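Q: Handing you this structure, nothing more for now.
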Amino acid sequence: MQLSPSDNSIADALIAAHDGDVALLYIYLRRRGGDDLERAARELCRTMGEIRAAREKLQRMGLLTEGTGCAAPPEQRARPAPAEELPEYETEDLVRRSREDAGFAAIVSEAQKVLGHVLSSSDLKRLFGIYDYLALPPEVILMLLNHCVSISQGRRPSMRFIEKEAYVWANREIMSLEQAEEYIRSSRQRREELGRIKESLGIRGRELTATEQKYISSWLDMGFGEDCIALAYDKTVTNTGALKWNYMNKILLSWDEKKLHSRDQVEEKEGRRKAGASQGKTQDKPIDMEALRAIVDKM
């Protein structure tokens, strides 16, 4: 039996959810329809808590329309952004899943290696939230954990730090190894660009602040290269005597409006402007009346 492309897309989403209750409830609602959770709990031999949790997860995945058992077509499904806070989990649920779910058990083991200690109850709940609520696949979470180590500047990352980065991945819908590898590659490239620009701006002996990173990232996103940003820095320091971020930002925004994104383009444009200004000054030069009279007398 072969599945249609739409069925394959839904099957992939259910597999990525790594939750048997979610898959079972989805099949049940596709078969039965409606929104009678008590009946679903009875027929599926699940508690109401398990059924409600599965239903909420289906809705977050875009596989269940609010109030119905109908799935939206895969091409129309949009994965909603997760809430800023993870749900509260009962300790018994965590113990059960750690024992019964090989994927989660592997994640716990890797997290303990990354953090360098046995997970506390709070750490375990955060990790389970990443696995269950954000629904990142196990292999993606393993890459996430090691990525957090690489960007922690030699320190062991906290579980809170890992949770924040997990939200970034969830909002970007990084749900496969290929997507994770591409994100890590682009993230590493951006960090290298930030480091080089930091040096060109004369910032040494400290890390960039969050605001400074936002400024530089916005300039890179506009399409400015390191040479053009260095030119804006030079003009800023020349005109103000110091690195004024807001002043420098206005220079780059003005260049962006004029679609000038390279040093050559800016210098060519400003060279023409200076040449025009120079010609204007020549035309406005006062007439030397004495020299003019001397010429007339010789005529």
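Q: May I ask you to verify whether L14 is open to solvent by less than 50 Å² (accessible area, probe 1.4 Å) and farther than 19 Å from F104 by Cβ? Give the derivation first.
A: Working: open to solvent by less than 50 Å² (accessible area, probe 1.4 Å): yes; farther than 19 Å from F104 by Cβ: no.
For L14, the condition - open to solvent by less than 50 Å² (accessible area, probe 1.4 Å) and farther than 19 Å from F104 by Cβ - is not met.
Q: Where the second residue is surrounded by 11 or more Cβ atoms within 10 Å (Cβ to Cβ) and at pLDDT 95 or above and the first is basic (K, R) and outside any loop (DSSP other than H, G, I, E, B) and lies in the range 177-202, which pairs have Cβ atoms under 6 Å and are six or more apart or on separate chains?
A: Nothing qualifies.
Q: Find all pairs meeting these conditions: Cβ atoms under 7 angstrom apart; at least six residues apart or on different chains; first residue within the range 1-26 and closer than 19 Å to A41 by Cα and in a loop (DSSP other than H, G, I, E, B); second residue open to solvent by 40 Å² or more (accessible area, probe 1.4 Å) and modelled with pLDDT of 65 or more.
A: none
Q: Considering each of G271, G195, G241 in turn, give the residue that is open to solvent by less than 50 Å² (accessible area, probe 1.4 Å), small (G, A, S) and modelled with pLDDT of 90 or more.
A: The conditions single out G195.
Q: Considering each residue of the range 85-104, count those that are in a helix (DSSP H, G or I) and touching a Lys or Arg at 6+ places or on another chain (Cβ under 8 Å), and give that number.
A: Of the residues in that region, 2 qualify.
Q: To continue, here is another question. In the range 203-221, which residues are part of a helix (DSSP H, G or I), open to solvent by 50 Å² or more (accessible area, probe 1.4 Å) and either closer than 17 Å to W255 by Cα or not aliphatic (A, V, I, L, M) (or both)?
A: T211, Q213, K214, Y215, D221
Q: Can you tell me how many residues within the range 177-190 are loosely packed, with under 12 Cβ neighbours inside 10 Å and basic (K, R)?
A: Of the residues in that region, 1 qualify.
Q: Now, a different point. Look at the range 137-176 and say how many of its residues are in contact (Cβ under 8 Å) with a residue 60 or more places away in the chain, part of a helix (DSSP H, G or I) and open to solvent by 10 Å² or more (accessible area, probe 1.4 Å).
A: 3
The values are calculated or read from the model by the stated rules, or taken from the named source; none is laboratory data. Computed from a predicted structure; not experimentally measured. Note that each Cβ is placed from the backbone with ideal geometry, even for glycine, and that neighbours are counted across all protein chains shown. The protein model used for the area step is the full one, side chains on, heavy atoms only, and it has no ligands, DNA or RNA in it. Shrake-Rupley method; radii C 1.70, N 1.55, O 1.52, S 1.80 Å.
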